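The next block holds one structure in the form of structure tokens; read it before the comments.
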Amino acid sequence: MDFTDGNALAGPLREIFAVDMTAATSRCAACGHAGPVATLRVYAHAPGLVARCPGCEEVVLRLVRAPDSAWLDLRGAASLRIPL
Ligand SMILES: [Zn+2]
């Protein structure tokens, strides 16, 4: 298991969102586990960043950064509750 916690997403997501997304609560679409984005398991050796659910290991979030754009795949998240 070669991953870091979701705090590794803080900088890359800060480029996209105006708030700290590691404090947001994600709900896994596969198992329903809900918890802070900071507790996701982040694999940085895939193309881009892959964040997996600590409950079932399914992919919750993918983020790929290109020089002029970012690709954010949230299909594994049933919802994101973002504190404002
Ligand atoms: Zn899950």
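Number of residues in the range 37-56 that are closer than 14 Å to Ala10 by Cβ and within 14 Å of the ligand (Cβ to nearest atom): the value is 4. Exactly one residue out of Ala34, Ala77, Ala30, Ala8 is open to solvent by 30 Å² or more (accessible area, probe 1.4 Å), within 13 Å of the ligand (Cβ to nearest atom) and touching a strand residue (DSSP E or B) at 6+ places or on another chain (Cβ under 7 Å), and it is Ala34. Reported count of residues in the range 34-67, each being modelled with pLDDT of 95 or more and part of a loop (DSSP other than H, G, I, E, B), is 7.
Pairing each residue of the range 13-32 that is on the phi < 0 side of the Ramachandran plot with any residue that is basic (Lys, Arg) and in a loop (DSSP other than H, G, I, E, B), provided the two are 6+ apart or on different chains, yields C-beta distances under 8 Å for Ala29/Arg75.
What number of residues within the range 56-79 are in contact (Cβ under 8 Å) with a residue 40 or more places away in the chain and within 19 Å of Ala34 (Cβ to Cβ)? Residues flagged as in contact (Cβ under 8 Å) with a residue 40 or more places away in the chain and within 19 Å of Ala34 (Cβ to Cβ) within the range 56-79 amount to 6. Please specify each residue of the range 35-55 satisfying the condition of being without any contact (Cβ under 8 Å) to a residue 24 or more places away in the chain and under 20 Å from Ile82 (Cα atoms). Residues satisfying the conditions are Gly35, Val50, Pro54.
The values are calculated or read from the model by the stated rules, or taken from the named source; none is laboratory data. Just so we're clear, the structure is a prediction, and the values are computed from it rather than from any experiment. Don't worry about glycine lacking a Cβ; one is built from the backbone with ideal geometry, like all the others, and counts go over all protein chains shown. SASA here: full protein model, heavy atoms, side chains in, ligands and nucleic acids out. Shrake-Rupley method; radii C 1.70, N 1.55, O 1.52, S 1.80 Å.
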